[in-house]
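The values are calculated or read from the model by the stated rules, or taken from the named source; none is laboratory data. Computed from a prediction, not measured in an experiment: that's the story for all the values here. Quick reminder, even Gly has a Cβ in these numbers, built from the backbone with ideal geometry, and neighbours come from all protein chains shown.
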Amino acid sequence: MSIFINNNTKLLVQGITGRDGSFHTRQMLNYGTKVVAGVTPGKGGMEVEGVPVFNSAADAVKQTAANTSVLFVPARFASSAIYEAIDAGIKLIVCISEGLPTIELVKITAYLKNKDCRLVGPNSPGIVSSGEAKVGILPGHIFKEGKVGVISRSGTLTYEIVDHITKVGLGQSTCIGIGGDPIIGTKFIDCLELFAQDNDTEAVVIVGEIGGRDEQDTAEYVKKYFKKPVFGFIAGKTAPPDKRMGHAGAIISGTSGTAAEKVKVFKECGIKVGDTPAEVAQLMKNELA
Amino acid sequence: MKVHEYQAKEIFKKYGIPTPKEKMCQNIDEVIIAAAKEIGIPCVIKAQVMVGGRGKAGGIKVAKNENELKDYAEKILGMEIKGIPVKKVLVSEAVSIASEAYLGIINDRTTKKTVMMACKEGGVEIEEIAKQRPEAIYKVYADPLVGLMSHKAREIGLFLYKEPKRAFECASITEKLYKLFIELDSSLAEINPLVVDTSGKLIALDAKLNFDDNGLYRHPDVESMRDRESEDENELLAREQDLSYVKLSGNIGCVVNGAGLAMATMDLVKHFGGEPANFLDIGGSSSPEKVKNALEILLKDKNVKVIFFNIFGGITRCDDVANGILQAKKDLNIKQPIIARLTGTNEDKAMEILKEAGLIFTQTMDQGAKKAIELLK
């Protein structure tokens with residue numbers, strides 16, 4: 001089992017004819033993901049890697065019964081592509097695109113309310129359910145089927161930690177990159193609610209970073225409701241205040257959102273924190289292997 | 001992106017938010033003329049720098065006569081505040097203050113909504129109040145699809161002021177500030193303090209506006225307000241080349257793909273007892289050219305004694321990074337030792353490209369960080 005995506009995922013790639021869209025369509029197909037359709041307005045009728053391209057998401061869903069979409073669309077067109085996917089009846093939208101203005105996410109969040117649809121991202125590297133499906137840009141070869149759920153605000157740091165988990169002999173059930181923006185569709189807690197019910201997930205690792213207080217809220221949630229062991233890592237201990245560290249959401253405002261504050265709350269709430277990515281995997285090995 | 005107080009107030013004026021009579025000046029003569037012809041004496045001279053604590057640093061002074069005006073203008077225009085030289089001042093009418101309050105707008109990460117915040121104390125650090133006395137802050141949320149409803153704006157007004165006239169004047173200012181916030185993709189709009197003067201009029205005495213970097217593409221007029229002199233030259237240069245760089249004070253230069261891993265790399269260097277010189281994210285699909293540009297920026301920092309590449313290839317191809325390193329070594333005459341941890345996509349090709357280049361290779365980031373520290377001993 002897994003969460004969000006699995007063998008039954010039928011994937012629509014929005015922006016499939018672009019450089020990144022076509023490259024990663026091939027990578028996702030190689031991993032075994034059922035990529036059933038692509039959309040690029042004006043390029044309907046084409047094929048990319050054998051996948052039919054449609055002019056609209058609605059057409060693609062009608063013809064192929066796609067239930068999940070992934071976005072490789074330039075930032076300025078990404079919000080309209082998200083609305084299009086919502087209206088086409090897609091159940092899970094994974095937005096890889098980066099650089100959406102924050103106010104767009106405020107509006108999208110409101111539009112999604114009371115709809116049977118979830119957004120992951122923006123600025124997400126994607127989701128992998130090991131051995132079943134890969135949606136996004138995460139490198140497939142570092143994953144191994146296993147019992148650890150991974151939730152992360154980062155991209156390559158996620159790969160680093162996944163790689164360590166694999167190398168200590170544990171594997172991953174599902175790994176979700178929730179995205180590095182200040183406002184995102186799916187947060188740590190949303191993922192934990194699903195991991196709680198997933199029988200194949202025996203433990204979870206949360207990879208957080210400076211900025212905001214999602215990690216603190218998540219830690220309180222873990223303490224109150226989450227029964228499986230949780231491990232953690234926080235990036236940005238050496239980050240100076242009031243400087244954006246790459247991700248739009250990775251900024252310490254004044255004295256709020258520091259790594260030290262997050263590590264402290266994690267520990268107080270029973271989350272085992274590693275000082276380095278290697279140490280996180282070692283902690284997991286000691287307890288789970 | 002941040003703008004100066006005087007720029008924020010220019011925007012306020014466009015949106016009809018009342019501000020004091022003011023003029024931005026860049027030298028003492030301009031200050032004297034502005035005071036004599038437009039503003040009058042007494043007046044306030046305010047240093048225009050984008051850091052907090054201007055008042056405490058002596059960057060805001062009330063001049064009661066011409067001698068003081070000259071004296072303060074000279075002092076403030078020559079001073080540095082938190083390391084930043086003051087090149088501009090705002091000469092502002094001296095407002096006689098009856099009361100002060102706080103009014104601000106942000107997009108709240110937790111509720112995913114735009115929130116107006118009001119506090120009956122002015123000139124405060126709102127984040128500190130939020131931590132210590134959250135009950136002192138009154139919050140009102142805008143509906144993301146409808147906007148800020150008028151009765152919600154009146155709620156803010158009535159929280160801050162008892163007199164209905166003043167409360168509704170404040171509601172009108174709140175609506176204007178919200179309009180500005182949404183229309184210009186602001187990430188922080190603050191009137192701090194919002195004052196009532198002794199004649200009973202509401203005035204935005206100080207203004208702070210930050211803008212969402214992701215929204216700047218649709219606001220060239222805002223982008224054109226960028227004060228290049230007040231930003232770090234290398235950080236600007238990096239951004240123009242689609243790199244993300246922040247200078248720190250150490251001597252181990254870090255080149256990494258991805259922001260999270262870049263932070264984790266700095267943390268790791270520190271964890272093993274070293275000092276990172278910078279944050280540097282070369283981004284996703286990195287071309288050799290971009291890697292070379294990154295090294296060029298990194299090496300402008302003369303503290304850098306050793307360079308640590310930490311690359312986890314996904315979209316980033318290790319062979320592209322390797323070619324960039326090779327090119328940079330040729331063109332930039334790099335003397336510092338380079339430690340390279342290159343793993344993931346095309347790592348074998350990268351090793352082949354770099355086998356004659358005199359680099360130190362490590363398998364893991366732990367080994368890389370330790371090696372960098374060892375070389376400095």
Residue in the stretch A:152-169 that is in contact with a Ser or Thr (Cβ under 7 Å, 6 or more places away or on another chain) and surrounded by fewer than 18 Cβ atoms within 10 Å (Cβ to Cβ) present
no
Scanning the stretch B:90-110 for residues that are touching a Phe, Trp or Tyr at 6+ places or on another chain (Cβ under 9 Å) and within 9 Å of chain A (Cβ to nearest Cβ), the one surrounded by the most Cβ atoms within 10 Å (Cβ to Cβ) turns out to be B:107
Given the condition in a loop (DSSP other than H, G, I, E, B), modelled with pLDDT of 95 or more, on the phi < 0 side of the Ramachandran plot and within 14 Å of chain B (Cβ to nearest Cβ), answer yes or no: does some residue in the stretch A:84-95 qualify? no
(1) under 20 Å from residue B:131 (Cα atoms); (2) within 14 Å of another protein chain (Cβ to nearest Cβ); (3) out of contact with any Ser or Thr (no Cβ under 7 Å at 6 or more places or on another chain) all hold for residue A:252 apart from (3)
In the stretch A:255-286, residues that are in a helix (DSSP H, G or I), acidic (Asp, Glu) and either surrounded by 18 or more Cβ atoms within 10 Å (Cβ to Cβ) or within 11 Å of another protein chain (Cβ to nearest Cβ) (or both) total 2
Among residues of the stretch B:216-237 being over 27 Å from residue B:93 (Cβ atoms), under 15 Å from the mean Cα position of the chain (by Cα) and within 14 Å of chain A (Cβ to nearest Cβ), the residue modelled with the lowest pLDDT is B:231
Considering residues that are more than 7 Å from chain B (Cβ to nearest Cβ) and either within 12 Å of residue A:153 (Cβ to Cβ) or touching a strand residue (DSSP E or B) at 6+ places or on another chain (Cβ under 8 Å) (or both), the number found within the stretch A:227-239 is 7
Taking the stretch B:281-318 and keeping residues within 14 Å of chain A (Cβ to nearest Cβ) and in a loop (DSSP other than H, G, I, E, B) leaves B:282, B:283, B:284, B:285, B:286, B:287, B:314, B:315, B:316, B:317
Exactly one of B:277, B:259 is in contact with a His (Cβ under 6 Å, 6 or more places away or on another chain) and within 13 Å of chain A (Cβ to nearest Cβ), and that residue is B:259
Among residues of the stretch A:51-63 being out of contact with any helix residue (DSSP H, G or I) (no Cβ under 8 Å at 6 or more places or on another chain) and not in a strand (DSSP E or B), the residue farthest from residue A:90 (Cα to Cα) is A:55
Only one of B:190, B:175, B:169 is farther than 16 Å from residue B:5 by Cα, touching a residue at least 24 places away in the same chain (Cβ under 8 Å), buried (at least 19 other Cβ atoms within 10 Å of the Cβ) and among the charged types (D, E, K, R), namely B:175
When every residue in the stretch B:157-176 that is among the hydrophobic types (A, V, I, L, M, F, W, C) and in contact with a Leu (Cβ under 7 Å, 6 or more places away or on another chain) is compared, the one nearest to the other protein chains (Cβ to nearest Cβ) is B:173
When residue B:124 is run through (1) under 21 Å from residue B:52 (Cα atoms); (2) surrounded by fewer than 17 Cβ atoms within 10 Å (Cβ to Cβ), the failure sits at (2)
Requested in this report: Return yes or no: is residue B:328 out of contact with any Gly (no Cβ under 9 Å at 6 or more places or on another chain), away from every other protein chain (no Cβ under 13 Å) and within 18 Å of residue A:139 (Cβ to Cβ)?
Outcome: no
